[in-house]
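Right, one structure below, let's go through it.
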Amino acid sequence: GVYVDNGFDQTVVHRVVSQHEKRELEHEFLNLLGLPDRPRSIIDMPPQVKRSAPKFLLDIYKNALGEDEEEKPAAHHHRKAGEFDLTGQDLKAIDQSDVIMTFAAHNHHVPGVRHERGKRLWFDVSEVPPQEYIIGAELRLYRSADVKGRKNHGSHTITVYRVLKTENGTRELQYVDAINMTTNQEGWLTLNVTGALDHWVNNPDENRGLYLSVHPADRLVHEVRPEDIGIVEFRGDPDKQPFMVGYFKSSGIRESKVRQKR
Amino acid sequence: DARRKKKSESTNWDYKTNPYTDPGATFYSRTCRIQTLYVSFRDLQWQDWIIAPDGYDAYYCSGECNFPLNAHMNATNHAIVQTLVHLLNPGKVPKPCCAPTKLSAISVLYFLDESNVILKKYKNMVVKSCGCH
């Protein structure tokens, strides 16, 4: 219903809103949020917040955001890093962003492509709003230290490539980023994949995902499986599954055009 | 027909003579100020896809902008001119409008689909202060 202040510090019912009016109002709010309607895919099966990507953004929401636009974000060292080990660079990207999106990793199999020992990760980036431009993007992988029967001790290098072509069963890869990892390192690892996300948003037909390659730091040719060194894959624990995060800033010119249309 | 015409004329009279009367002002008239309004995503039954917040204090501005416009109403210079023109011709020119003078943003975290999530900052969603424009 519609409630009003009666002037004596009391809120009273002014009018009860009909179902039709309520539906209209709901659509107005959805328009305001930039959504044509509530997501259809979740009506029958509500999504779970315990997965890694929603948990990551909830962590940012609770620990790393200023309360309003006027308020200067809290100094980096005063903000809680949460369980996702946010770095100073992450906090800078968060401060600059108008939109932060996460993308869950999928097993997007392409017939005839040999995967060898590495892993291919594919992300659906079709929902990136066209009026946003990319500040940065990172791939987040969880490394668990207590892997039973782990054979591959020592330092390793994780390299991520963008898959270019998959013709005749062969891959063409483009180097994106790499990190070195020590034996007992546990927690979230981040790789910079800004260029890859930018390319997929501008060229959706060329989104063939990323190829994750792991090898011992001292033996470049000896590729090992990521799970052998404790990297959690997309079928692993929900709160440790790999995901990609994109930081975006709204383009004022395009935003004003959208407003005019509305 | 004559009765209907007479009735129609009498009901339109207020509108014709003073079309800029704020319907809200007839319910409770007082000076322009910030009013409490909480938008509840939970009451809208959106909590299955909006992860946070449960809702937010949006506030709104309501009340009359009467002469003289004093300082605590945050009146713009033009609001004073608008008031003078309204006093000269109240039937044709509206009073200054009671509206937000300062707004701030909120962040909303929601599911785009069953796996992808978005944390978006919405500008100008919360009224911080009201004034006469």
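Nothing in this text is a laboratory measurement; each read-out follows from the coordinates by a stated rule. The shown structure was predicted, so the numbers you read here are calculated from the model rather than taken from an experiment. No Cβ is skipped: glycine too gets one built from the backbone with ideal geometry, and neighbour counts run over all protein chains shown.
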For segment A:183-243, size of Cβ-based charge dipole, Lys and Arg +1, Asp and Glu -1, in debye: 60
Taking R0 as 22 Å, what FRET efficiency do you get between B:Ile80 and B:Lys102 from their Cβ-Cβ distance, rounded to the nearest 0.05? 0.70
Under a Cβ-only charge scheme (Lys and Arg +1, Asp and Glu -1), can you give me the dipole magnitude of segment B:44-133 about the Cα centre, in debye to the nearest 20? 560
Stretched fully, the stretch from A:Ser251 through A:Phe8 gains (0.36 nm per residue minus C-alpha distance, one decimal, in nm) 83.0 nm
Most positive-pole-ward Cα, B:Phe111, B:Asn89, B:Thr76, against dipole of segment B:49-129 from beta carbon charges: B:Asn89
Modelled label-to-label distance, B:Arg42 and A:Ser126, 7 Å Cα→beta-carbon offset: nm? 3.6
At q = 0.10, 0.17, 0.23 Å⁻¹, what log₁₀ I(q)/I(0) does a Debye calculation on the Cα points of segment B:22-133 give, no solvent, two decimals? -0.43, -0.83, -1.18
